[in-house]
Amino acid sequence: MSAHTTTIVSSKGSTRATFAAAYIAVTLAQITNALPGALNGAFQVEFQTTGSELTWIAAAFMIGIVVFELTFGVLGDLYGRKRLLFAGFATVTLGSLIAALAPTAQVMILAQAVGGIGAGILFPISLSMIVALVPDVRARAKTIATWAGFLSLGAVISPVLAGFTSQFFTTETFDGWRLSYYAAAVIAILAVVIALRSVDSSAPEGRKPDVPGQVTLALGLIGILYATVQGSEGNWGRPDVIGGYILGGLLLVAFVIIEARTKSPLVHLVLFKNASYSIVGIVAVIGMFAFLATCFSTSISVGALAQQETWKVGVLFVFIQGPAFVLIPVVGWLIHRVSPRWVLTVGFALTAVAGYILSGYSLGVPEEFGGTPWTSFIPPLLVLGVGFALTVGSITAVAQHRAAALHRHGVGDDQSPARPGLRPGSSARRCDRLQRRRRRIRGGVPRARIVAGAAGAHGGRTVARAAHRIPVLAGAAGGGRRRRRPRGRRSGDGARGRLARVGLLDRVPRRGHRGNRVCRAHSLRQRKARRHAAHRRGAR
């Protein structure tokens with residue numbers, strides 16, 4: 001994997017239309033994803049479903065997202081993200097129409113699988129399209145937080161839409177919940193009209209489809225999911241359940257082996273050598289599992305088992321998903337001013353508190369038989385929603401930022417500028433720790449950052465040793481206070497102008513940029529060494 005990936009952005013199209021289409025896309029994908037959560041009670045009445053069929057209706061959608069979104073991301077990089085965006089809207093429209101006309105639970109499961117494939121296109125493509133238009137790190141983090149907020153907006157709209165259609169459009173011959181899927185299809189068609197003026201982008205360098213990896217990942221996850229769903233019926237010792245776990249596990253092991261050997265993998269396993277990236281991934285999986293399990297359990301216990309009206313389930317889901325949209329400005333502010341580990345810790349702590357409170361409720365029992373009133377679910381679910389708001393945006397921003405940083409420095413940390421006595425990768429880890437500190441250092445661009453860019457292009461420590469002798473590098477990297485520019489002096493005459501003329505300006509961040517903290521450890525060591533050398537020369 002190359003250390004630098006070039007994104008090609010088209011000069012045609014409207015930036016506003018691109019952002020509008022991307023935000024509508026993620027909202028639509030989440031609307032179709034969250035609809036079954038509010039409609040489980042209606043599905044049970046309509047289709048006379050079993051518990052495993054209700055689980056498959058929700059799980060079929062997630063299979064399409066989890067299994068195929070990595071491949072669709074690669075296809076978008078290769079052939080253009082705008083084309084994939086249109087394909088995603090078309091697939092979601094098809095899935096929504098099949099769901100609206102579904103006569104049985106089996107057809108509903110098929111509709112969810114088709115809609116999940118469409119959402120698996122829209123989620124990564126919508127995010128990639130807007131990130132390609134925002135190169136600045138600070139603005140990109142705010143954009144990601146806004147994207148995550150619209151994701152939560154879709155989750156808010158979905159239960160309201162399901163409850164409204166079920167309550168006011170249900171007759172003796174027609175089930176009103178079907179209108180919610182028709183509405184999703186209409187939204188997809190309107191989004192296509194807006195997306196016609198969007199800006200296309202791609203990143204084809206070093207990318208190609210990984211068919212063996214895709215096949216083993218898909219079959220492995222489906223095998224494990226099948227065994228889990230069928231085993232939840234009460235017989236974990238059935239041969240098909242045990243066989244599903246064994247086959248799924250072997251296929252996932254084969255997937256890891258394939259990804260480690262192929263030149264263009266779906267998942268770059270070397271990313272997980274970085275401790276912070278691995279921790280973010282593990283925390284995201286565990287945290288989202290807890291969140292989604294709580295949401296699904298609430299939907300089943302309140303809607304399907306306690307037989308509460310659909311609009312009441314919708315109100316509960318508004319309290320789960322609403323805070324993430326309302327708190328968009330707060331999350332964007334926290335991403336830059338508070339360490340992400342504290343944001344994630346608080347978010348997951350609130351999720352744990354909500355789960356602990358809900359565990360004491362009498363679930364699945366109607367109110368007239370002594371069950372918990374549905375209004376008692378509101379306080380813990382609100383706490384759960386705030387916890388989700390703090391985690392979803394920060395997890396996405398941290399993972400994307402860490403992946404981009406590893407691309408810049410070399411994915412295995414082996415391409416980082418080395419110093420004698422430092423193990424490969426240790427310098428990058430020290431920089432990662434320093435990046436999380438909140439102290440600031442007076443001065444301009446750290447010299448080590450310029451050396452890192454120059455060494456990556458011109459070869460190792462030779463440039464590092466001679467950096468102080470190069471006037472261009474020394475002028476840009478020198479510490480001290482910012483000096484006022486003399487009158488009549490052009491901006492191109494300064495250090496950045498000289499760097500631009502020799503082709504190194506793109507390797508140097510602007511003064512005061514947060515990227516300056518990345519290699520502050522090297523800068524401190526070099527400044528200390530220069531002071532000691534000057535002291536020794538003065539002593540002679």
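The residues listed here are F291, F255; of these, the one that is more than 22 Å from G73 (Cα to Cα) and either modelled with pLDDT of 80 or more or not assigned by TED's automatic domain parsing to the domain that holds L75 (or both) is F291. Going by the conditions given, is R178 surrounded by fewer than 22 Cβ atoms within 10 Å (Cβ to Cβ), under 16 Å from V92 (Cα atoms), basic (K, R) and in the same structural domain as N33 (by TED's automatic domain parsing)? Taking the combined requirement at face value, the residue satisfies it. The set of residues in the range 221-239 that are exposed (fewer than 13 other Cβ atoms within 10 Å of the Cβ) and in a helix (DSSP H, G or I) contains only P239. Per the conditions (1) at pLDDT below 85; (2) among the acidic types (D, E); (3) not assigned by TED's automatic domain parsing to the domain that holds R81, the sole criterion not satisfied by D240 is (1).
Within the range 323-371, track down each residue that is assigned to a loop (DSSP other than H, G, I, E, B) and in contact (Cβ under 8 Å) with a residue 40 or more places away in the chain. Correct list: L327, S339, L363, G364, V365, P366, G371.
Just a yes or no: is a residue in the range 62-77 under 30 Å from T15 (Cβ atoms), surrounded by 20 or more Cβ atoms within 10 Å (Cβ to Cβ), modelled with pLDDT of 90 or more and charged (D, E, K, R)? So far as the range 62-77 goes, no, none of its residues is under 30 Å from T15 (Cβ atoms), surrounded by 20 or more Cβ atoms within 10 Å (Cβ to Cβ), modelled with pLDDT of 90 or more and charged (D, E, K, R). The condition of being assigned by TED's automatic domain parsing to the domain that holds A148, of a type in the set (V, I, T) and either touching a Ser or Thr at 6+ places or on another chain (Cβ under 8 Å) or not in a helix (DSSP H, G or I) (or both) holds for only one of T49, T93, T71, that being T49.
Results for (1) at pLDDT 85 or above; (2) touching a helix residue (DSSP H, G or I) at 6+ places or on another chain (Cβ under 9 Å); (3) closer than 20 Å to I121 by Cβ, shown as yes or no for each residue.
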{"residue": "T18", "(1), (2), (3)": "yes, yes, yes"}
{"residue": "A21", "(1), (2), (3)": "yes, yes, yes"}
{"residue": "L28", "(1), (2), (3)": "yes, yes, yes"}
{"residue": "G37", "(1), (2), (3)": "no, yes, no"}
{"residue": "E46", "(1), (2), (3)": "yes, yes, no"}
{"residue": "L54", "(1), (2), (3)": "no, yes, no"}
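Counting only residues that are assigned to a helix (DSSP H, G or I), touching a residue at least 40 places away in the same chain (Cβ under 8 Å) and closer than 30 Å to A21 by Cβ, the range 198-220 holds 4 of them.
In summary, I189 fulfils each of the numbered conditions (1) touching a Phe, Trp or Tyr at 6+ places or on another chain (Cβ under 8 Å); (2) more than 30 Å from K12 (Cα to Cα) with the single exception of condition (2).
Could you go through the range 25-36 and let me know if any residue there is free of Cβ contacts under 8 Å to residues at least 24 places away in the same chain, in a helix (DSSP H, G or I) and either closer than 22 Å to T93 by Cβ or more than 21 Å from the chain's Cα centre (by Cα) (or both). Within the range 25-36, none of the residues are free of Cβ contacts under 8 Å to residues at least 24 places away in the same chain, in a helix (DSSP H, G or I) and either closer than 22 Å to T93 by Cβ or more than 21 Å from the chain's Cα centre (by Cα) (or both).
The values are calculated or read from the model by the stated rules, or taken from the named source; none is laboratory data. Quantities reported herein were computed from a predicted structural model and do not represent experimental measurements. Positions of Cβ are generated from backbone atoms using ideal geometry, with glycine treated the same way; all protein chains shown enter the neighbour counts.
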